[in-house]
Structure formats: C-alpha cells, structure tokens
Amino acid sequence: MIRSGLVWTAALAVSGAAAHHSTVAIYDQNRTIEVTGVVNEIHWRNPHGRILLDVEDAPGETVQWEVETPAVVILRILGIGQGFIAPGDRITIAGPPARRDPHGMNARNILLASGYELAFGQNVPYFDAGRNGNLIGRAFDDSNVEAAIAAADGIFRVWATNMGDPDAFPMFKGGYPLTPAAEEVVAEWDPLDNDLLRCGTKGAPLIMITPAPIELVREGDRILMRIEEYDARRVIHMNPDAAPPDEHTQMGFSRGRFEGDTLVVETDRIQAQYFDPDGVPQSEQMSLVERFMPNADHSRLDYRITVTDPVYFTEPFELTRYFVWKPEMTVAPYDCLERDWRVD
C-alpha cells in the first residue's frame, strides 16, 4: 500500500546517505510517502543500509521497493540497534520518494510489526498516536565508558557528532565563492554517477564532514587522526622539520602546532578531487588551515577550517562544525559496501 502526503516539518538530522552523496538530488525532499509491505531482505551496511520491501500495488501485483536507511555507523551514533526488523515482518515506511526510481525511497520513520515506531534523526515520531504512540528507545553500549574516561587526555580521545544540531553537521552547505571554472565543473555533476559513490573516495577536506567518530592519538612527534568513515587515516606532523612527500596525496601533507589548547593544522599537497558532496571541485593548489578548539572540560571540540584554492574559489573562506565527547563511542571498522545509484 502506498500513500502520499505533505512533507513533515519536524527537524531531522541528515541520514548516513547524506554523508556519502546528496540526497536532495536522489530523493524529493518536498514529499513524504508511506509504503506498507513485507520485508524481503535487510542489509545493514555503510555508507547506507537497504531494505527490500515486497509491496502489493493497486492491481494486486507485488512489486519490490528498494528503501535506503541510515548507515550502520549512524544507527550506532543514534543508539539504534539492528534487531527490530526481520524478513517476513509487515512494516510501514515513511520518507521521501526517489526522483527517478518509481519504487525507491529514503526511510525516515518505520512503523514496526510490533506496533512500535523506529524514528531516525532526532527521535521525532511521524505516525500518529492512534496508530502507534510508542517509539523504540535508544540504548548505547557503555562497556567502553570507564576505560575511555581513564584514557582521555586533552584532545586525545574519541570525538563524535551531535546529529541533532545543524551547527555540528553537516559542514558543507554550499554558497562558496566559485570561479567560472568551478561553475563549469558543477554544471556537469551527475549525483547518480560520480567518484564519490565509491568507497574510500573522500580526501581532505571532505572527509572532515564525517558524522562517524574520529580519534586523535598521540604518536611521538606526530598525531594520528583515526576516522571511522572509510577507515581513513590522517597524519599530522608536529615536527616543523618534517619533510613533505614528492607527490600529492588524498589527505595531503599536514603540519601541526599547539597554540594554547588549540591544535592548528596546515595542510597542502592535496590531490585534486571533489571538495564537497555536490560536485564542487578542488585543485592541487588548495591549502587548508584547521583549528581544533576544545572547551574547558573537553566535552566539545569546535572545528574551523580556512580554505584557499585560487583555481576554483575567488577568495579564502571558512567552514565550521563541532564534535562532542561521548565516551561510549569507539572508532569501529567501517565495512563499506558500494552501490550503483543509476536507474536505467
């Protein structure tokens, strides 16, 4: 059964899909539909999950819908488990429909066979109390908390994302001072067929949009940044005499220093790639200045990045976000599964 409705206006954090590609281009965010059917398959993966739903259409024939869900890492951040849905369950899913696939949608809320509702984002209910009224609770694995508190040392700890605050996520929001050359590249951007749909294709600075946990680790005269998304690693050289490589690389060459409690990182020698999830390019002339600024009790880490690229941006500009310390969070293996978004 399929029912269309007006878009619901409650604030909702961006799902794991938006961390990997632009959902605006793939799904019609101005509409919300409801689809009821029987679960055929479930795939909880990164950078997005998938539910295959057998739906009886108007003529009485069964068609298979492909429903995108948040990534496993997003479920973990939100405290949502993976055992609420099983093949054979009859469920109703609400969310925006796909623009090109008549049997595709993005899940925002799911009415489960148990009568409970699974709400992604800010735990906001969609289905009215007459149909449900009971949200699945959020639960976190706290087995790591005691050890994480003991090991935390200034900025050296695991940092997570506040998915409910747009000041924290996402960071890349458009409106950059583009040159004509950049505008030409953006005009040819295909959101359903591009390099960013493949695993491991985010470099600096785009990897810093990540909603996944990151960890700053002290390693002698360098700092290792462990990023869960794509199992990415950045090395920050604290020795000012560290020699850069001959070649440009995906993450570039980073030098760091402390100014009080603030970690300042300057990065160049970055391989040409995409600057943001919507096809804005960057050149090998790009340079970055990042500032990681903890508050007094190290419960929050403000992040500011100054971007300079004379090829694709007319002037330097800044982007900001912040991370929060959640001692229950760890940097886990990402286990990325690529997916083809093209619809013939």
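Nothing in this text is a laboratory measurement; each read-out follows from the coordinates by a stated rule. Predicted model only: the values in this text are computed from it and were never measured. FYI the Cβ positions are ideal-geometry reconstructions off the backbone, even for glycines, and counts take in every protein chain you see.
Quick rundown of the values:
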read-out	value
Sequence-separation-based contact order of the range 145-325, relative, with Cα cut under 8 Å and 6+ spacing, percent	24
Candidates per trypsin sites (Lys or Arg not before Pro) in the range 218-294, loop by DSSP, up to 13 other Cβ within 10 Å	none
Paramagnetic reach from Ala152 in the range 304-336 [backbone N under 12 Å; point 7 Å along Cα→Cβ]	324-329
Expected 222 nm ellipticity per residue - DSSP helices of 4 or more, -39500 (n - 2.57), all of the chain, to 500	-2000 deg cm²/dmol
Mean separation of Cα contacts under 8 Å, 6 or more apart, over the residue count of the chain: relative contact order %	16
Sparse-neighbour loop sites [GluC sites (Glu not before Pro); the range 101-196; at most 15 other C-beta within 10 Å; DSSP]	Glu188
Three-way shape call for the range 30-134 based on the alpha-carbon gyration tensor, with the a/c threshold at 1.5	rounded
Calculated FRET efficiency for the pair Asp167/Phe140, C-beta based, R₀ 22 Å, to 0.05	0.45
Where GluC sites (Glu not before Pro) fall in DSSP loop in the range 237-330, at most 13 other Cβ within 10 Å	Glu247
Extension reserve of the Asn239-Asn40 stretch, reckoned as 0.36 nm per residue once the Cα distance is removed	66.2 nm
Volume per residue of the C-alpha convex hull in the range 220-327, rounded to whole Å³	134
³J(HN,Hα), Karplus 6.51/-1.76/1.60, whole Hz, each residue of the range 199-212, x for Gly, Pro	5, x, 9, 8, x, 7, x, 4, 4, 6, 6, 3, x, 6
Kirkwood Rh in Å, taken over all unlike Cα pairs in the chain	21.4
Tensor-based shape of the range 224-264 (alpha-carbon gyration tensor, a/c under 1.5 rounded, otherwise prolate or oblate)	oblate
Rh (Kirkwood; distinct C-alpha pairs) - the range 145-325, Å	17.1
Gained length - Arg100 relative to Gln285, 0.36 nm times residue gap less alpha-carbon distance	62.9 nm
